[in-house]
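All remarks here apply to the structure that follows.
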Amino acid sequence: MLYLLLIPFAALLWVVYYWLFIVTEGLYLGQRVVVWLYDWYAPRYDGIKQYVTEEEQVLVVEPLLGELGRVSRPLILDVATGTGRVPYFLLQDGRLTRRLHGRIIGLEPAGQMLAQAVANTQPFSAEGGLDWVQQTAVPLPFPSATFDALTCLEALEFLPDESAAVREMVRVLKPGAPLLLTRRTGWEARLFIGRYRTRPAFAAWLATFGLTDVVIVDWQSNYDLVIGRKAAVSHKP
Ligand SMILES: C[S@@+](CC[C@H](N)C(=O)[O-])C[C@H]1O[C@@H](n2cnc3c(N)ncnc32)[C@H](O)[C@@H]1O
């Protein structure tokens, strides 16, 4: 009879484990746990994600270069770069470095993820145009109004203080420069308790940080792409 009582207990444990470690990836256990889990995932991360060049061209490279426009020698920051997805596909495309003579900085707190990012982008290392910073998103170690564009993909929901992170991202952008974020979607998005926002609520929330022209579109499985611009006139939330 005792084993019949153990079944619901084991099911409850599994649900809590799934919520805490699989869906929200340690978020509710603190930043150290999130970073530790990513260090642990790092050797398997690219194998799980299986990024495909043609898809990344459409999902990442074209939207970013399209928003950037014809800025000369642009400087881009990729917050929570992971294994270097944004730098890798931008460098592989070549327009940022060869045509625009721009640079990208990948910022990432998990050392093992960053090590994988460095290894992934090794084929482009001779071309320059790439730097790494091991650091969390708050505070960003850059002066205000430094970057011509900023990306933060598939990461905002794992940051301990989303508002502080967006405030920092907007601070380091130049006035008028684009910010490309992602918004978690699907049923699992609602498991980020206290953080889930509908599309209109997400856009309204971003506006409080001085972002204008916010557009939210379908993107990849489980995520929307969110594009906004730092207001040309400085704005304090
Ligand atoms: C799902 S991955 C996304 C990586 C990459 N942007 C991509 O699209 O492949 C989330 C990343 O956020 C990073 N991260 C977690 N906490 C962070 C923090 N406080 N500041 C910056 N990055 C953080 C993780 O280490 C992880 O590499």
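One table, with the values for the structure above:
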| item | result |
| --- | --- |
| Yes/no for Val86 being out of contact with any Cys (no Cβ under 6 Å at 6 or more places or on another chain), within 20 Å of Trp219 (Cβ to Cβ) and exposed (fewer than 12 other Cβ atoms within 10 Å of the Cβ) | no |
| The range 141-158: number of residues that are under 11 Å from Leu173 (Cα atoms) and more than 9 Å from the ligand (Cβ to nearest atom) | 9 |
| Members of the range 148-165 found to be part of a loop (DSSP other than H, G, I, E, B) and closer than 23 Å to Ile104 by Cβ, listed by number | Asp148, Leu153, Glu154, Ala155, Leu159 |
| Subset of the range 125-162 (residues that are modelled with pLDDT of 95 or more and more than 26 Å from Gly228 (Cβ to Cβ)) | Gln134 |
| Subset of the range 61-85 (residues that are of a type in the set (A, V, I, L, M), touching an Asp or Glu at 6+ places or on another chain (Cβ under 8 Å) and closer than 17 Å to Thr146 by Cβ) | Leu68, Val71, Leu75, Ile76 |
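Condition check ((1) within 12 Å of the ligand (Cβ to nearest atom); (2) free of Cβ contacts under 8 Å to residues at least 24 places away in the same chain; (3) under 21 Å from Gln134 (Cα atoms)) across all residues:
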| site | (1), (2), (3) |
| --- | --- |
| Arg44 | no, yes, yes |
| Tyr51 | yes, no, no |
| Glu54 | no, yes, no |
| Pro63 | no, no, no |
| Val71 | no, no, no |
| Pro74 | no, no, no |
| Ala80 | yes, no, yes |
| Gly84 | yes, no, yes |
| Leu91 | no, no, yes |
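The values are calculated or read from the model by the stated rules, or taken from the named source; none is laboratory data. All figures in this text were calculated on a predicted structure; none of them were measured in a lab. Glycine gets a Cβ as well: all are built from the backbone with ideal geometry, and neighbour counts include every protein chain shown.
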